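The next block holds one structure in the form of structure tokens; read it before the comments.
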Amino acid sequence: MEYDIVMTNKEARRHKIISNLIHKKINGTQAAKQLNLSVRQTKRLKARVKKKGIKGIVHKLRGTDGNNKLDQEVVKQAIKLIKENYCDFGPTLAQEKLEERDNIKIGVSTIRKIMIDEKFFMPRPRRKGLEHREWRERKSSEGEMGQFDGSYHKWFEDRADECCLLANIDDATGKVTLKFNINESTKCVFDFWKEYIQTKGKPIAIYLDKYSTYKINHKSAVDDKDMMTQFQRAMQSLGVNVINAHSPQAKGRVERLNETLQDRLVKELRLRNISTIPEANKFLKEEYEEIFNSKFGVVPKSDTNLHVELTKAEKQNLDSIFSVHSQRLVKNDYTIQFKSQWIQLNELQPTTVYKKDKVTIEERLDSSLHIALKGKYLNYEILPERPQKVKMLLPALTTTKSTWIPPAKHPWRRYQINNNITQLICQNV
């Protein structure tokens, strides 16, 4: 096949020098210096021009197909698949999926060019004039610090409602732990960290933002223990240091992780037609975390894992630690009002309970309530309605039954309690 050859300025200059050499206006040594070539190369170039004329100056492979040129049928197939399945993917992810799912091996740069040419991808313009921020060096060991955040997004696109992805990225290794939940509430965050600590151990520190789930945004919150959030209390009881970031850039690794996941994970869920939180969490644990960590994880400076194993006491108290704690006062009739519920303390208790005692109510992850006082859990029943006012002549609840007989309207007589199961027995009063 014949091609029209267009000479470059460099080739035109070479032709002029070789013509002068052929016409003996200069000798071979002078021509070699002008061409910046060896004498031997100059002789070869002169011989080629004598034989082929001006075409001898042009490289032999000019105008021919390269040995590595892609088969156009493969390119057409790639364009077809991108249009059908990966039209909103980035070039890197599209290249990975073409190789992984469709067995089409094309380089990322080629896929990028194809997607730009086909209007599937628009490269971002370079951003100028941004404030310079110095990149903080990674921690040296796994478990030394985790960056944690929650990301609200349409993770299932139009197949389900918006939900929250809770994510922790180890600062030293870049490895992630992920879990979907309905929101970023205290209970959802507790559920995440309880599972994390049971599986991997306690990290030395957790780096997160100042959102109210984690830190009360008040000037006195740092020093006032009574204002500590549930999260800070739980982590303090486990000896985990909580570090609050003052800007999104301060915890840039987890912010960047959220951006990456909002691009990649959304498409992975779509390709697998996953549309529910339980299905998505199963996919994260069984497949995606390992895939993501193997691709984006890094080797830490130190091979020492600084996660701390739970003590025996911590394991026993883990349900209590990861529960929402609320303070309430015991009323004069030994009832406690909590939210919309009325709680009646039983007559027999593992410790002495006085009127006006301050108790701690624990709302656990399984939705059960536990009432703590002096390191003991009190016996109680939830009443079906607000109790009538009764004058209590009992000074305290103890471990033994008192001789005081409550009036007929009192819940102890209206409701018979056996084995902590309330049975409503309406008596004739």
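Points to keep in mind about this one:
Every residue, every condition in (1) surrounded by 10 or more Cβ atoms within 10 Å (Cβ to Cβ); (2) part of a loop (DSSP other than H, G, I, E, B); (3) at pLDDT 90 or above, yes or no:
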position	(1), (2), (3)
THR360	yes, no, yes
SER367	no, yes, yes
GLU385	no, yes, no
LEU397	yes, no, yes
ILE405	yes, yes, no
VAL429	no, yes, no
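- Residues considered: THR260, THR213. Of these, the only one that is assigned to a helix (DSSP H, G or I) and either closer than 30 Å to GLU309 by Cβ or at pLDDT 90 or above (or both) is THR260.
- Matching residues, the stretch 190-208, being under 11 Å from HIS307 (Cβ atoms) and buried (at least 16 other Cβ atoms within 10 Å of the Cβ): TYR196, ILE197, LYS200, LYS202, PRO203, ILE204
- Annotation note: of LEU284, LEU269, LEU306, the sole residue that is surrounded by 15 or more Cβ atoms within 10 Å (Cβ to Cβ) and either in contact with a helix residue (DSSP H, G or I) (Cβ under 8 Å, 6 or more places away or on another chain) or over 30 Å from SER237 (Cα atoms) (or both) is LEU269.
- Residues of the stretch 131-153 classified as touching a residue at least 24 places away in the same chain (Cβ under 8 Å) and either touching a Leu at 6+ places or on another chain (Cβ under 8 Å) or farther than 30 Å from SER302 by Cβ (or both), total: 11
The values are calculated or read from the model by the stated rules, or taken from the named source; none is laboratory data. Note that the structure is a prediction, hence the values are computed from the model and not measured. A quick note on method: Cβ atoms are made from the backbone with ideal geometry, for glycine too, and the neighbour counts reach across all protein chains shown.
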